[in-house]
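The structure appears below as structure tokens.
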Amino acid sequence: MKHALLIVDYQYDFVSPRGNLYVPGAEKLSDYIGELISKFKSNNKLVIATKDWHPANHYSFKQWGNHCEQNKIGSTLFFDEKLADHIVLKGIDPMIESYSGFYDEKGGSNGLHEKLQSLDINELTIVGVATDICVANTVSHAVKLGYKVHLDLNGCAGFEQIITL
Ligand SMILES: [Zn+2]
């Protein structure tokens, strides 16, 4: 069984102070996440990234404002996308929110669990944004699915400091 790095939604709109849905301090994680990527890759471990990937009319924009629209700068990863061995897209259905990398809010799969299973991965180090929303939901599902989870808060930033799992 294998251990992978899972980077949640580390995208321009969340990470850049000029992004549409900036998570305070997220850009300061860049060096740390870069170091983690190097560490995993040098140990032949995979790096998996999730991306919020919304169509232009996504209903969550009513609550959050426009962010992470498909094929726009806001949805690009805040690190070299080529470093991600696999990217999981979420929030594609215009009517369904998907906070977790694993399942949307109606229980539909984003394909992450299936991908990890196919790669024989059972252990995850999880970093990214926002700690209290997409990271928390992803961690919660990962634990329920039986993964051994390391939530590395040094690589996370959130809107709120308190997370509820
Ligand atoms: Zn979103």
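Computed from the coordinates by the stated procedures, all read-outs in this text should not be read as laboratory data. Here the structure is a predicted model, which means the values were calculated and not measured. All Cβ positions, even for glycine, are placed from backbone atoms using ideal geometry, and neighbour counts span all protein chains on display.
Extension gain for ASN44 to VAL143 (0.36 nm times residue separation, less C-alpha to C-alpha distance): 33.3 nm. Charge dipole of the chain (Cα centre as origin; +1 on each Lys and Arg Cβ, -1 on each Asp and Glu Cβ, all else neutral): 220 debye, rounded to the nearest 20.
Once the C-beta distance of GLU123 and ILE96 is scaled by a Förster radius of 22 Å, the resulting FRET efficiency is 0.15 to the nearest 0.05.
The aspartates and glutamates whose alpha-carbon is closer than 16 Å to the alpha-carbon of LYS82, local same-chain residues fewer than 8 away aside, are ASP9, GLU35.
Selection among ALA136, TYR22, GLY111 by position relative to the dipole of the chain gives GLY111 as farthest towards the positive end (Cβ unit charges, Cα centre).
With one equal scatterer per alpha carbon and no solvent term, the Debye-computed log10 I(q)/I(0) for the chain at 0.09, 0.10, 0.15, 0.19 1/Å reads -0.25, -0.31, -0.74, -1.24.
Rounded to two decimals, the Cα radius of gyration of region 1-98 over 2.2 N^0.38 Å is 1.11.
Summing charges over all other residues whose Cβ lies under 14 Å from the Cβ of GLY34, with Lys and Arg as +1 and Asp and Glu as -1, gives -2.
Highest average first, the peptides 62-70, 93-101 ordered by how many other beta carbon atoms sit within 10 Å of their residues are 93-101, 62-70. Within the listed set GLY128, GLY155, GLY25, the Gaussian network model of the chain (springs between alpha-carbon atoms below 10 Å) gives the highest mean-square fluctuation for GLY25. With Rh defined as the Kirkwood radius, the inverse of the mean 1/r over Cα pairs, the Rg/Rh of region 85-141 is 0.95.
Antiparallel beta bridges, as assigned by DSSP with both residues in the chain, represent about 10 percent of the total such bridges. Computed about the Cα centre, the dipole magnitude for region 1-69 is approximately 260 debye when only Lys and Arg (+1) and Asp and Glu (-1) carry charge, each at its Cβ.
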